[in-house]
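Derivation of every value follows stated rules applied to the coordinates shown; laboratory data play no part. Predicted model only: the values in this text are computed from it and were never measured. Don't worry about glycine lacking a Cβ; one is built from the backbone with ideal geometry, like all the others, and counts go over all protein chains shown.
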Amino acid sequence: MDVSTEHEEILILLEEIILEISKQFNLVLGALLKLYPILISTPEPVQEDSTNERWNWFKGCLGALDGTYIPVRVLQKDKARYRNRKGDITVNVLAVCDQNMKYTYILTGWEGFAADSRVLRDAVTRPNGLRIPNGNYYLCDSGYTNCEGFFAPYRGVRYHLRD
């Protein structure tokens, strides 16, 4: 068997592997899409007559949001972009949930180096991104800007709830 025949066989094998990966990926994606109505909910604001002890202070609040880091493996040349402030190689994920701790929005893919506020800005400027109706807002931590649609605590002030 000559070298060109070996290369052809390797290429055929690689094509089969890629096809199988694509097929399995599509199966997983299809399953996730079926779970969408269960995993992702539409946010409802806290009502004026809310009796929930934790949420009745936040009339019009849709829920809370925060960023988190998920460890990833990337090519050596990309590691600097994915290195977060703690030195880990990660992606920065924005997660938004309602008062019942159900996810309403998730944005992933940003390099670990990206600041939370940058990821949030991307989420609200995307065509099908995070939307906040007038008069409503999300609670967030001090890593985000306190502005219309987002209610962050004052920096340097510690807030505690008694359980």
Expected output for the range 13-40 (first residue closer than 30 Å to residue 98 by Cα and touching a residue at least 24 places away in the same chain (Cβ under 8 Å), partner surrounded by 10 or more Cβ atoms within 10 Å (Cβ to Cβ) and among the β-branched types (Val, Ile, Thr), Cβ below 8 Å, 6+ apart or cross-chain) is 40/104; 40/106
How many residues of the range 85-118 are outside any strand (DSSP E or B) and either over 30 Å from residue 47 (Cβ atoms) or among the polar types (S, T, N, Q) (or both)? The answer is 12
Checked 98, 88 against criteria (loosely packed, with under 14 Cβ neighbours inside 10 Å, in contact with a strand residue (DSSP E or B) (Cβ under 8 Å, 6 or more places away or on another chain) and touching a residue at least 24 places away in the same chain (Cβ under 8 Å)); the one match is 88
Q. Hey, any hits in the range 108-118 for a residue that's within 15 Å of residue 63 (Cβ to Cβ), loosely packed, with under 14 Cβ neighbours inside 10 Å and free of Cβ contacts under 8 Å to residues at least 60 places away in the same chain?
A. no
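Out of the residues in the range 74-84 that are in a loop (DSSP other than H, G, I, E, B) and touching a residue at least 12 places away in the same chain (Cβ under 8 Å), state the one that is farthest from residue 117 (Cα to Cα).
For the range 74-84, the residue satisfying everything is 74.
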